[in-house]
Amino acid sequence: MRPKGERAPRGVRGVRGVRGVRGVRGVRGARGIRGFLRDNSLSLAFGVGFLLTLAGQAVAGHADFNNRLTAEDLAPVTFGGYLLSSDFGVDVMENWQSEYLQFFLYIFGTVWLLQRGSPESKELHKAGTESDEDQKVGEHAKPDSPRWAAVGGVRQAWYSRSLGILMCTLFLLSWLAQSVAGTAAYNEEHLRELQAPVSWFEYLGAADFWSRTLQNWQSELLAVGSMAVFSVYLRQRGSPESKPVGSPHGATGVEGG
């Protein structure tokens, strides 16, 4: 123990200082990671769930594909080969396109369409694109508003619809990818059965293409319509997709917190 008033050697002070700084940085780093996980937990959870289910689909699809090949006395394919196959591609794309179609229709549809009593609907008097003041654009933009909300012209018009435009673009691209992969998968099956292949345009009119497409569209439309109606009368405490538990059934555009 050093006598009172005696200073620690320079080397000791330096080591303690470095340890202290490292300790503070470590605490801040841990808090930063926890904060990031908390602030992005919704997208992270669904992202992980997406990857796990996609991997599960690939494994199950590979087994089913090889079972069909074996039944036809054909050689099975490797897992990597299946991931690059049109059979896997069309199964994935037909689901993606329907999901993006659902959001595209929902985003644009809820501008004008209403459902009394549903938190999925705007308030009944707000049908339409609303005023600049309500939307906080142009001269009504706030200091922390997105930059393009404050400007006028084409940039503001595009940004005001950018979410719906993105969803529409993703829908069209994934639907196109479904049609291309579907044509290849359809022709592979035809060739195994010694039938003539079809062109892409011919496949667009084939029952296989529209069966794959419409079976997904109907399920998405059913889910959205059901949610809009059920949320009028049912509640989920704490969810922003539900009205507060005590809100009346007729309250429209009221979300929980």
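Before moving on, here are some points about what is shown:
- Heavy-atom SASA rank of 159, 233 (probe 1.4 Å, accessible area, largest first): 233, 159
- Computed extension length for residue 41-residue 211: 57.6 nm, one decimal, from 0.36 nm per residue of separation with the Cα-Cα distance subtracted.
- Considering only 129, 169, 85, and ranking their Cα positions along the charge dipole of the chain that arises from unit charges at the beta-carbon of Lys, Arg, Asp and Glu, the one farthest toward the positive end is 129.
- Calculated log₁₀ intensity ratio I(q)/I(0) where the Debye formula runs over C-alpha points of the range 73-117, q = 0.22, 0.28, 0.31 Å⁻¹: -0.80, -0.95, -1.02
- Couplings 3J(HN,Hα) of the range 103-113, computed from phi: 5, 4, 5, 5, 5, 6, x, 6, 5, 10, 8 Hz, in residue order, whole Hz [Karplus 6.51 cos²θ - 1.76 cosθ + 1.60, θ = phi - 60°; x for Gly and Pro].
- Projecting the Cα atoms of 234, 185, 151 onto the charge dipole of the range 147-257, computed from C-beta unit charges around the Cα centre, puts 151 farthest toward the positive end.
- Where the alpha-carbon atoms of the range 84-181 are placed on the principal axes, they occupy 53, 34, 19 Å, in descending order.
- Using a probe radius of 1.4 angstrom, the carbon and sulfur fraction of the accessible surface of the chain is 63%.
- Taking 7 Å steps out from each Cα toward its Cβ at residue 133 and residue 54 produces label points 4.6 nm apart.
- Lys pairs under 20 Å by Cα in the chain, provided they are eight or more residues apart or on distinct chains: 4
- Karplus-derived 3J(HN,Hα), 6.51/-1.76/1.60, for each residue of the range 145-153, Hz, glycine and proline x: 5, x, 4, 6, 6, 8, 8, x, x
- Debye-sum result for the range 133-257 in log10 I(q)/I(0), which assumes one identical scatterer on each alpha carbon, at q = 0.17 Å⁻¹: -0.99
- Take the range 28-185 with all the other protein chains still there, run a 1.4 Å probe, and you get 64 Å² of accessible area per residue.
- Å² per residue, accessible surface of the range 191-257 at 1.4 Å: 66
- Phi-based couplings in Hz for the range 242-252 (Karplus 6.51, -1.76, 1.60; Gly and Pro marked x): 10, 6, x, 4, x, 5, x, 4, x, 5, 10
- Given charges at beta-carbon only (K, R positive; D, E negative), |dipole| of the chain in Debye: 3160
- Convex hull of alpha carbon positions in the chain: directionally averaged projected area 27.6 nm².
- Cα-centred dipole magnitude for the range 114-257, charges only on beta-carbon of K, R (+1) and D, E (-1), debye, nearest 20: 460
- The residue list 223, 251, 207 was ranked by how far each Cα lies along the charge dipole of the range 205-257 toward its positive end, using unit charges on Cβ atoms, and 251 comes out on top.
The values are calculated or read from the model by the stated rules, or taken from the named source; none is laboratory data. What you see is a predicted model; the values in this text were computed from it and never measured. Every residue, glycine among them, receives a Cβ derived from its backbone with ideal geometry; neighbour counts consider all protein chains shown. Only protein heavy atoms, including side chains, enter the accessible area calculation; ligands, DNA and RNA are left aside. Shrake-Rupley method; radii C 1.70, N 1.55, O 1.52, S 1.80 Å.
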